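Read the figures in this text as sums done on the coordinates, not as results from a lab. Predicted, not measured: the structure shown is a model, and the values here were computed from it. Virtual Cβ from ideal backbone geometry, glycine too; neighbours counted across all protein chains shown.
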């Protein structure tokens, strides 16, 4: 496993965090609570005479300033159209700020619970808002943020795993072969789907990035927003048996298509995108292993059992990649 002698957040002390917030003219109460985030560092910060705010400190060298600002602009566009997202707050008309070598943004704190994805009305409600997000996402393309494709989410992370991850020697060639088979299946699935429209996505639209209240969902954390097929924001809402997933898909699309047309050819991509996520996730853990937060949070990574389970999961995906696509009545 590659190591890095300088963990990216070693200089992000509590004093640095509070000084950064106060550099915007706010007065902190001293209350600071670390929230569940690994790629960036996110904190709930107490502010005097005001509700707490959420501060996100961006991982150094992950996104360029232009890429972060492009994502912010999309979130602000959505919020301006009363689509329930949590955009960055503006201070002197700026959403991105710098302090002590770190880039950061502030957000309103929003409460809520994880949505009940087994409920058909909940799925339809989420689908309506996803349709509205995608309708705006189609209006223009990102100019600096990347595209979700087979190269960036499959081939490149697979190569990284083979070259740099601490795969046990007896599993190394097995993993290499399984990755090659999986990527070949992904390529066939993309070929069956044919040409599809690429649009601005949330990019990581799982239940943990939606907060549910009595007024419905609101979407948080557009940090992985990029260009890609619409179905990327739909498939992570699906789980269970094939029959259950088909019913869930029907509920989501019932709401989605009130606001945005869905190209059913993209259903050929569901298992392909699931496979790419498995590969990309393992490579993400391997790349971040020098960050002390990762060995603490993911102690099972790098173990013999982890790699055996990944090989099994990829073999299961290889079989699914050549099955007919999900279909909703």
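Take residue 37, project a point 7 Å from its Cα along the Cβ direction, then tell me which residues of segment 102-120 have their backbone nitrogen under 14 Å from it.
Answer for segment 102-120: 102-110.
Compute the distance from the alpha-carbon center of segment 23-54 to that of segment 84-99, in whole Å.
14 Å
Take the Cβ-Cβ distance between residue 141 and residue 66 as r, set R0 to 25 Å, and report the resulting FRET efficiency rounded to the nearest 0.05.
The computed FRET efficiency comes out at 0.95.
For segment 120-321, calculate the relative contact order in percent as a whole number, restricting contacts to Cα pairs under 8 Å that are 6 or more residues apart.
Computed value for segment 120-321: 37 percent relative contact order.
If you wrap a convex hull around the Cα atoms of segment 44-85, how much volume per residue is inside, in Å³?
On the way: hull volume 4.4 nm³, N = 42.
Spread over its residues, the Cα hull of segment 44-85 gives 104 Å³ apiece.
Take the alpha-carbon centre of segment 302-326, take the same for segment 109-183, and report the distance between them in whole Å.
15 Å
Could you check the spin-label model distance between residue 96 and residue 197? Points 7 Å from the Cα along Cα→Cβ, value in nm.
2.8 nm
Quick one: order 61, 271, 309 by neighbouring beta-carbon count within 10 Å, fewest to most. Don't skip to the answer; put the middle values down first.
Values: 61 7, 271 23, 309 12.
The order, fewest Cβ neighbours first, is 61, 309, 271.
How large is log10 of I(q)/I(0) for segment 58-214 at q = 0.15 Å⁻¹ when the intensity is taken from the Debye formula with one equal scatterer per alpha-carbon?
With no solvent term, the Cα-only Debye profile gives -1.08.
Under 4 °C and 1.567 mPa s, how fast does segment 120-321 diffuse according to Stokes-Einstein, given a Kirkwood radius computed over C-alpha pairs? Answer in µm²/s, whole number.
Translational diffusion coefficient: 72 µm²/s.
Expressed as a rounded percentage, what relative contact order does segment 30-108 have, with Cα pairs under 8 Å and six or more residues apart?
It rounds to 26 percent for segment 30-108.
Can you give the translational diffusion coefficient of segment 30-108 in µm²/s, computed by Stokes-Einstein from the Kirkwood radius over Cα pairs at 25 °C and 0.890 mPa s?
Translational diffusion coefficient: 183 µm²/s.
Which order results if 122, 144 are arranged by neighbouring Cβ count within 10 Å, fewest first?
144, 122
What is the percent of Cα-Cα separations in segment 159-206 that go past 14 Å?
67 percent
As a check on your grasp of the helix formula, calculate [θ] at 222 nm for the chain: sum -39500 (n - 2.57) over DSSP H runs of n ≥ 4, divide by the residue count, round to the nearest 500.
Numbers: 9 runs with 133 residues, N = 329.
Estimated from H runs of four or more residues: -13000 deg cm²/dmol.
Springs between alpha-carbon pairs under 10 angstrom, Gaussian network model over the chain: which of 134, 268, 290 fluctuates most?
290
Evaluate E = 1/(1 + (r/R0)^6) for residue 297 and residue 13, where r is the Cβ-Cβ distance and R0 equals 25 Å; express this FRET efficiency to the nearest 0.05.
Between residue 297 and residue 13 the formula returns 0.80.
So which residue, out of 156, 124, 48, gets the largest mean-square fluctuation from a GNM of the chain using Cα contacts under 10 Å as springs?
Taking springs between Cα atoms under 10 Å, the residue moving most is 48.
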